[in-house]
1. Name every residue in segment 118-155 that is over 21 Å from PHE104 (Cα atoms), touching a strand residue (DSSP E or B) at 6+ places or on another chain (Cβ under 9 Å) and not in a helix (DSSP H, G or I), in order of residue number.
2. Can you name every one of the helices (runs of 4 or more DSSP H) wholly within segment 1-108 that holds 2 or more residues which are among the charged types (D, E, K, R) and touching a strand residue (DSSP E or B) at 6+ places or on another chain (Cβ under 8 Å)?
3. Can you name the residue in segment 101-114 that is more than 8 Å from the chain's Cα centre (by Cα) and of a type in the set (Gly, Ala, Ser) and is also farthest from HIS30 (Cα to Cα) among such residues?
4. Could you list, in sequence order, the residues of segment 94-115 that are within 20 Å of ALA19 (Cα to Cα) and either touching a His at 6+ places or on another chain (Cβ under 7 Å) or basic (Lys, Arg) (or both)?
5. Would you call LEU34 of a type in the set (A, V, I, L, M, F, W, C) and either buried (at least 21 other Cβ atoms within 10 Å of the Cβ) or without any contact (Cβ under 8 Å) to a residue 24 or more places away in the chain (or both)?
6. So in segment 128-160, with the set limited to residues that are under 29 Å from ASN40 (Cβ atoms) and β-branched (Val, Ile, Thr), which one is surrounded by the most Cβ atoms within 10 Å (Cβ to Cβ)?
7. Which condition breaks for GLN91 when tested against (1) exposed (fewer than 15 other Cβ atoms within 10 Å of the Cβ); (2) under 14 Å from the mean Cα position of the chain (by Cα)?
8. Check off (1) at pLDDT 95 or above; (2) over 15 Å from LEU36 (Cα atoms) for VAL128 and give me the number that stays unchecked.
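The values are calculated or read from the model by the stated rules, or taken from the named source; none is laboratory data. Predicted, not measured: the structure shown is a model, and the values here were computed from it. FYI the Cβ positions are ideal-geometry reconstructions off the backbone, even for glycines, and counts take in every protein chain you see.
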Amino acid sequence: MSFKVIADFEKEIAKFFGAPHAVAVDCCTHGIELCLRHKNVQSILVPKHTYLSVPMLSNKLGIEMQWTEEKWQDYYYLTEDVIDAAVLWRQDSYVPGTYMCVSFQFRKHLSLGRGGIILFDKEDDFDVLKRMSYDGRNPDDPWAIQNIKTIGYHYYMTPETAQMGIEKLPEAINRKPKQWVYTDWPDLTTMDVFKS
């Protein structure tokens, strides 16, 4: 199986959400991480009610974090242009000028077990985010013949996951999604791990 299936999946998901570009990754949290690294973000705003891997990114990346009382639905902004849209599933819902990260974890609408995607509209960002997700390499050529110039991370979506996504996509498009709201998550500030 080749990496072409990943490109096909990226195009289909971008088309559904109405985004000009998309880069598939191994999970939504890693997609958010790549965006924060790419934008050299120094601080993020995190709702008290969200998935715990998001505030843990601040520790991992050494950036400041501020809790918010946001009563969000579908998605929320971590910065002025980086959006955690893990639970979003709505056609033509891409917000222009942003990096929206969607999840395909097993409980999400398009359930692939694991996976995510970054939606964005700046054409120049495609090659950068693709290389960052794939160990700094271009997935079209053997790495040993490339002069790797970009720090990358092992965060790419596998061809097998992308193939499953293509196969499950028509049914997901036709099925009504769950409407997630902030109260579907506990208040993370009550957990010991976030009290220090």
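1. LYS122, GLU123, ASP135, PRO139, GLY152
2. Counting at least 2 such residues, we get 4-17.
3. Only one residue fits best here, namely SER111.
4. LYS108
5. yes
6. Across segment 128-160, the extreme among qualifying residues is THR158.
7. Evaluating GLN91 over (1) exposed (fewer than 15 other Cβ atoms within 10 Å of the Cβ); (2) under 14 Å from the mean Cα position of the chain (by Cα) leaves (2) as the failure.
8. Unmet condition: (2).
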